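Notes to accompany the following structure.
The values are calculated or read from the model by the stated rules, or taken from the named source; none is laboratory data. Everything numeric in this text was worked out from a predicted model, so none of it was measured. Methodologically, a virtual Cβ is constructed for each residue, glycine included, from the backbone with ideal geometry; neighbour enumeration extends over all protein chains shown. Note: accessible area is taken over every heavy atom of the protein model, side chains too, but ligands, DNA and RNA are not part of it. Shrake-Rupley method; radii C 1.70, N 1.55, O 1.52, S 1.80 Å.
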2 protein chains.
Amino acid sequence: MQPIRLGLVGYGKIAQDQHVPAIRANPAFQLVAVATQGQPCAGVENFKSLGELLESGLHVDAIAFCTPPQGRFALVQQALAAGKHVLVEKPPCATLGEAMTLVDQVAEQGVSGFFAWHSRYAPGIEAARDWLATRTLQSVQIDWKEDVRKWHPGQAWIWQPGGLGVFDPGINALSIATHLLPLPMFVESAELRVPGNCQSPIAASIKMSDARHLDIRAEFDFDHGHDELWSIEIRCVEGTLRLDNGGALLSIDGARQTVSEEGEYAAVYRHFQQLIATRTSDLDLQPLRLVADSFFVGSRASVEPFYD
Amino acid sequence: MQPIRLGLVGYGKIAQDQHVPAIRANPAFQLVAVATQGQPCAGVENFKSLGELLESGLHVDAIAFCTPPQGRFALVQQALAAGKHVLVEKPPCATLGEAMTLVDQVAEQGVSGFFAWHSRYAPGIEAARDWLATRTLQSVQIDWKEDVRKWHPGQAWIWQPGGLGVFDPGINALSIATHLLPLPMFVESAELRVPGNCQSPIAASIKMSDARHLDIRAEFDFDHGHDELWSIEIRCVEGTLRLDNGGALLSIDGARQTVSEEGEYAAVYRHFQQLIATRTSDLDLQPLRLVADSFFVGSRASVEPFYD
């Protein structure tokens, strides 16, 4: 089989740290081009823009998007119009309207599309899904707490309108929870704590449920000091499942379980490969929809100004 | 043909003023039951809840929902599970997640569903659509300004989390604009002005566009004194179309045009009748999606406290 010839748009930290190593480790893909306005990527053709890449005549089957979500919509549409398969980093777009439109346009073009919620591919997630499949769920508690100064130093965009604030990490937790639970989740209420000098929340408490009235609560905190807490605990009639370290660790009733040894982005690209092979798509809007609904119905409280 | 046997859930102001007269004036419908916890509706069977109505054994083909959007989701699901056609007042649900789920569930049940954006049936709208169909659009200016004290006296829920504030009338304008324009609309940015003692905006400026980069702007104001302004002006290469009075009046280049003489709710129920006859649905999420995205990406400025 010929490898899938892949172009990458955006060559920042996530592309360099995660995408390029995962692509190069997977023989099903061949990285042939990068579009970036920053430093070039060694060993491939570099272009200043996706437009230049598409017009170059270089044969490319698929495009992966690692640019910021603002402005990504038009780029993905450009790739779709050229008939390319698309992988889109999280969150897929700046608004739900853009993301919903991409879902329709992928279907119209008949290509494979993938909104890559990478946290769903953390080592413990598949084993957690397997265990939960036959259990009776009682409640879900999500705690996603970290120090923004450590993990996003100087990233002022996070606090601006359309920046997600604490939902930037929180959407990862929501992408896992929606992947673990059998029914769609809904926001019932949310409290957003917004620093007086910011537009986006630094902390949030969210009450959610599903069609069976499952009690789902999330605590997001971006000002948590140096001991990160990225956990999801699901109480079932038969026992309690707990994911820690963002899904890397899994325990059942306190006993550590064996998990996958595959890295998140290795699994992301393996899934993209399968989507292309079967001409299917995986374009789940649910994590973004939960964030938008939290902003929509959430109450806001002003808290101390934030200084990086 | 047998008339469609209709039940009404919620018998507040909008049901009494608009729904019941429109239903009774349309021989295709027969109003057979009302579910309400308030004063009963004369001439039909009254029930305390939708559950009682459905369990009563009374034959009902379709249910119209006029309760507040909070809590409506579960009620509509109850009617769908019983195989009834559903008409849902605007806005259809409290969150986009709920509304998106209803779209799926209507399709699964194979009944007819209708999110009744009533402003789309204002007298000037069809003529406006006809005129616009062959024109080249240049820009859209929406001005939706009214006095909340006059139109929503004492309605504290408007200002609470999940209350729409000025988007409660504004969503009517968005429902018209999305009906007039040929392509989906997207929120690019929004400024929400929120009274210091409220959770929802009293005024908003929204910048939108579509896939052809049409310049679409909306000004919503809920503190506008007594001269209401509910207008949409669409500049085209061939001339300027203007809707006034919420779509009741239509002019082209300043010349008043002939419009429909049918009332909004008469047209709403005529459309519902057609949907049921053809076993089709009309469940447009776009107006609610634009509101949710405005809250999601909008910047907020605190303004003077609001007192009713």
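Table for the structure above
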{"read-out": "Filtered residues of region A:216-243 (kept if open to solvent by less than 50 Å² (accessible area, probe 1.4 Å) and not aromatic (Phe, Trp, Tyr))", "value": "A:216, A:218, A:221, A:225, A:231, A:232, A:234, A:236, A:239, A:240, A:241, A:243"}
{"read-out": "Wholly within region B:43-160, helices (runs of 4 or more DSSP H) carrying at least 2 residues that are of a type in the set (Val, Ile, Thr) and open to solvent by less than 40 Å² (accessible area, probe 1.4 Å)", "value": "B:96-109"}
{"read-out": "Among residues of region B:1-21, those that are buried (at least 21 other Cβ atoms within 10 Å of the Cβ) and in a helix (DSSP H, G or I), counted", "value": "3"}
{"read-out": "Pairs, first in the same structural domain as residue A:216 (by the TED database) in region A:141-154, second part of a loop (DSSP other than H, G, I, E, B) and charged (D, E, K, R), C-beta under 7 Å, six or more apart", "value": "A:145/A:228; A:146/A:228; A:149/A:308; A:153/A:308; A:154/A:308"}
{"read-out": "Selection within region A:193-215 - surrounded by fewer than 20 Cβ atoms within 10 Å (Cβ to Cβ) and of a type in the set (D, E, K, R)", "value": "A:207, A:210, A:212, A:215"}
{"read-out": "Residue within region B:254-275 that is within 20 Å of the chain's Cα centre (by Cα) and within 14 Å of another protein chain (Cβ to nearest Cβ) present", "value": "no"}
{"read-out": "Residue A:162 under 17 Å from the mean Cα position of the chain (by Cα) and facing chain B (nearest Cβ under 10 Å)", "value": "yes"}
{"read-out": "Residues (under 24 Å from the mean Cα position of the chain (by Cα) and either at pLDDT below 95 or over 16 Å from residue A:269 (Cβ atoms) (or both)) located in region A:20-40", "value": "A:33, A:35, A:36, A:37, A:38"}
{"read-out": "Close pairs (7 angstrom Cβ cut-off, 6 or more residues apart or separate chains): facing chain A (nearest Cβ under 7 Å) in region B:283-308, open to solvent by less than 10 Å² (accessible area, probe 1.4 Å) and hydroxyl-bearing (Ser, Thr, Tyr) anywhere", "value": "B:293/A:95; B:296/A:95; B:297/A:95"}
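Rundown of residues vs (1) at positive phi; (2) within 14 Å of chain B (Cβ to nearest Cβ); (3) under 20 Å from the mean Cα position of the chain (by Cα), yes/no style:
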site: A:71; (1), (2), (3): yes, yes, yes
site: A:97; (1), (2), (3): no, yes, yes
site: A:113; (1), (2), (3): no, no, yes
site: A:120; (1), (2), (3): no, no, yes
site: A:130; (1), (2), (3): no, no, no
site: A:142; (1), (2), (3): no, no, yes
site: A:149; (1), (2), (3): no, no, no
